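Enquirer: I am attaching a structure below and will ask some questions about it afterwards.
The values are calculated or read from the model by the stated rules, or taken from the named source; none is laboratory data. These numbers were taken from a predicted model, which means no experiment stands behind them. Please note: Cβ atoms are built from the backbone with ideal geometry, for glycine as well, and neighbour counts cover all protein chains shown. Calculation scope for accessible area: heavy atoms of the full protein, side chains included, ligands and nucleic acids excluded. Shrake-Rupley method; radii C 1.70, N 1.55, O 1.52, S 1.80 Å.
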Amino acid sequence: MLQNKYFRTCLGIIFALLIIYLGSKVSFIFNPVVLLFNIMIVPVMLAGFMYYLLRPVVNFLEKHRWPRPISILLIYLVFAGLIVLFSILVWPTLREQLINFAENAPYFVEGLQKQFEKLQQNHFISKMIPSESDLTARVSEYLNKLITTVTNSVSNFISVVSNVVVIIATVPIVLYYMLKESSKLMPILLHLLPRKYRKEGHEALGEIDSALSNFIVGRVLLNIILGVLMYIGFLIIGLPYSLLLALISIVLNLIPYVGAIIAAVPVVIVGFIDSPSVAIWSLVVIVVAQQIQDNLLTPIIYGKQLDIHPLTTIVLLLIGGDISGILGVILAIPVYMVAKIIIVRIYNLFLSEKIDDMME
C-alpha cells in the first residue's frame, strides 16, 4: 500500500491535519509567539514600507562612494530636518483643523439635515423629491452609521498603533539594518532552498522585490502629487478642513480603486454641510485630480499601475478588512502580489508539464 501514490497522498494529508489538530490543543505554547508577532507586525511593516522608499536613495549615495552606514545616517538627519519643518510650517494649521473638526463632528448630522431641508424647499428639487418622503431621516440614519463605522475603524487603528513608544524605538533600528544588510537577505533565503531550485528561487525573489518596490514607491509618489493637487483645489473653492481632508485622501488613496471612492465621501459630506455648491465643486476637484493622476502621472511614473483586475482588488480588500481590519486592507494587495508570484513559479516548475501531458 505504501507504494500506491494515492494512498501516500491521503496519508500525508491525514498526518498534516493531525499535526494541526494537536497544535490547536497546545495553543498556549504558541501564545508568546503570537503576542510577539502582534507587537512587531506594525513596526516591521512600517520599516519595510520605508525600506522600499529609501533604498534607491541609499543605493545612489553608495554608487557615489558614500559608505552605506553613513548614507543611512545622513538620510535620518534629513528626515529629522523634515520633521522639524513639518512641526513649524504644517502642524499648527493641521492641529487647528483637527481640533475644530473634533469639536464640530457632533453637529455634522444636524448640518446635513438643514441642507436637505433647504433643498426640499427648492421648487425644482421638490418635484424630484416629494416633501412627504423620509429622505432626510434616511440620510441622517446612514450618516450616523457611517460615523459609527469610521469611529470604530479609527479606534481599531489607534489600538494597533497605540504602543507609540515601541514603534518609535523599533522602526528606525529595524529600518537601519534592513537598509544596511539588504544584500545579505537573498543569499540567506536561497540557502534554505535545495540547490537545484536556487536559480528559480533567485528569479522569484527578484520578481517579488521588483513588484513590491514598484507598487510602494509608485503609489506613494502618485498619492503625494494627488494630495497636493487636491489641497490646492480645496483652497481655491474654500473647502473647510482642506489640509486635513487632503492628508486623509493621501492615506486612503493608497488603497487601489476603492480608496479614491472612500476618500471622496468625507470631502463631499464636509462640502455639502458648508453648501451644496461647495460639495459639487469639491467633487469636481477630486475627479480632475484623479484624471490627472490616472491619465498623465501614472504612465509617466511607472506605466501600468497594477496587474490585478479591479474586481480581484475589491475582493482582496474585503477579505483583508474582514480578517484584520485596516491592517488587512493595507497588506492585502502586497500579500496577494507575493503569493501570486510564488504560486505561478511553483506551477511552472512542478505542475505545468504534468497538466499538459494529462490534457494531451
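Enquirer: Please state which one of L61, L73, L98 is in a helix (DSSP H, G or I), without any contact (Cβ under 8 Å) to a residue 12 or more places away in the chain and either closer than 30 Å to G206 by Cβ or not aromatic (F, W, Y) (or both).
Expert: L73
Enquirer: Another question, if that's okay. Can you name the number of the only condition in (1) under 25 Å from the mean Cα position of the chain (by Cα); (2) open to solvent by 70 Å² or more (accessible area, probe 1.4 Å) that Y51 fails?
Expert: Y51 satisfies all of (1) under 25 Å from the mean Cα position of the chain (by Cα); (2) open to solvent by 70 Å² or more (accessible area, probe 1.4 Å) except (2).
Enquirer: Can you name the condition, by its number, that S277 falls short on among (1) loosely packed, with under 15 Cβ neighbours inside 10 Å; (2) among the hydroxyl-bearing types (S, T, Y); (3) closer than 23 Å to L53 by Cα?
Expert: (3)
Enquirer: Consider V251 against the criteria (1) closer than 19 Å to G218 by Cα; (2) touching a helix residue (DSSP H, G or I) at 6+ places or on another chain (Cβ under 6 Å); (3) of a type in the set (V, I, T): it satisfies all of them except one. Which criterion is unmet?
Expert: With (1) closer than 19 Å to G218 by Cα; (2) touching a helix residue (DSSP H, G or I) at 6+ places or on another chain (Cβ under 6 Å); (3) of a type in the set (V, I, T) applied to V251, the lone miss is (2).
This table checks each residue for (1) at pLDDT below 85; (2) open to solvent by 70 Å² or more (accessible area, probe 1.4 Å); (3) over 30 Å from L245 (Cα atoms); (4) not small (G, A, S).
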residue: Y6; (1), (2), (3), (4): yes, yes, yes, yes
residue: S27; (1), (2), (3), (4): yes, no, yes, no
residue: I41; (1), (2), (3), (4): yes, no, no, yes
residue: L74; (1), (2), (3), (4): no, no, yes, yes
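Enquirer: Among (1) of a type in the set (A, V, I, L, M); (2) modelled with pLDDT of 85 or more; (3) surrounded by 16 or more Cβ atoms within 10 Å (Cβ to Cβ), where does L119 come up short?
Expert: Against the list (1) of a type in the set (A, V, I, L, M); (2) modelled with pLDDT of 85 or more; (3) surrounded by 16 or more Cβ atoms within 10 Å (Cβ to Cβ), L119 comes up short only on (2).
Enquirer: I'm checking my understanding of the structure. Among residues of region 241-250 that are in a helix (DSSP H, G or I) and buried (at least 19 other Cβ atoms within 10 Å of the Cβ), which one is nearest to the chain's Cα centre (by Cα)?
Expert: Residue satisfying both the conditions and the ranking: I250.
Enquirer: S275 fails exactly one of the following numbered conditions: (1) at pLDDT 85 or above; (2) closer than 30 Å to E103 by Cβ; (3) over 20 Å from the mean Cα position of the chain (by Cα). What is the number of that condition?
Expert: It fails just one condition, (1).
To keep it simple, each residue is scored yes or no on (1) open to solvent by 50 Å² or more (accessible area, probe 1.4 Å); (2) of a type in the set (D, E); (3) within 30 Å of I342 (Cβ to Cβ).
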residue: L229; (1), (2), (3): yes, no, no
residue: L235; (1), (2), (3): yes, no, no
residue: L252; (1), (2), (3): no, no, yes
residue: P256; (1), (2), (3): no, no, yes
residue: A263; (1), (2), (3): no, no, no
residue: F272; (1), (2), (3): no, no, no
residue: L316; (1), (2), (3): no, no, yes
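Enquirer: Something else: Based on what the data block shows, is P172 outside any helix (DSSP H, G or I) and touching a helix residue (DSSP H, G or I) at 6+ places or on another chain (Cβ under 9 Å)?
Expert: So P172 fails the test.
Enquirer: Could you please tell me which pairs satisfy a Cβ distance under 7 Å, a separation of 6+ or placement on different chains, a first residue in region 180-201 that is outside any helix (DSSP H, G or I), and a second residue that is open to solvent by less than 70 Å² (accessible area, probe 1.4 Å)?
Expert: From region 180-201, the pairs are L193/G201.
Enquirer: Do we find a residue being in contact with a Lys or Arg (Cβ under 8 Å, 6 or more places away or on another chain), closer than 22 Å to I41 by Cα and surrounded by 15 or more Cβ atoms within 10 Å (Cβ to Cβ) anywhere in region 200-216?
Expert: For region 200-216, residues in contact with a Lys or Arg (Cβ under 8 Å, 6 or more places away or on another chain), closer than 22 Å to I41 by Cα and surrounded by 15 or more Cβ atoms within 10 Å (Cβ to Cβ): present.
Enquirer: Report every pair of residues separated by at least 6 positions or lying on different chains whose Cβ atoms are under 8 Å apart, first residue within region 20-41 and closer than 21 Å to I330 by Cβ, second part of a helix (DSSP H, G or I) and hydrophobic (A, V, I, L, M, F, W, C).
Expert: Here the result reads I39/V166; I41/L327, each pair linking region 20-41 to a residue that is part of a helix (DSSP H, G or I) and hydrophobic (A, V, I, L, M, F, W, C).
Enquirer: Output the number of the condition that P56 fails; it satisfies all remaining conditions of (1) open to solvent by 60 Å² or more (accessible area, probe 1.4 Å); (2) without any contact (Cβ under 8 Å) to a residue 60 or more places away in the chain; (3) not hydroxyl-bearing (S, T, Y).
Expert: It is condition (2) that P56 fails.
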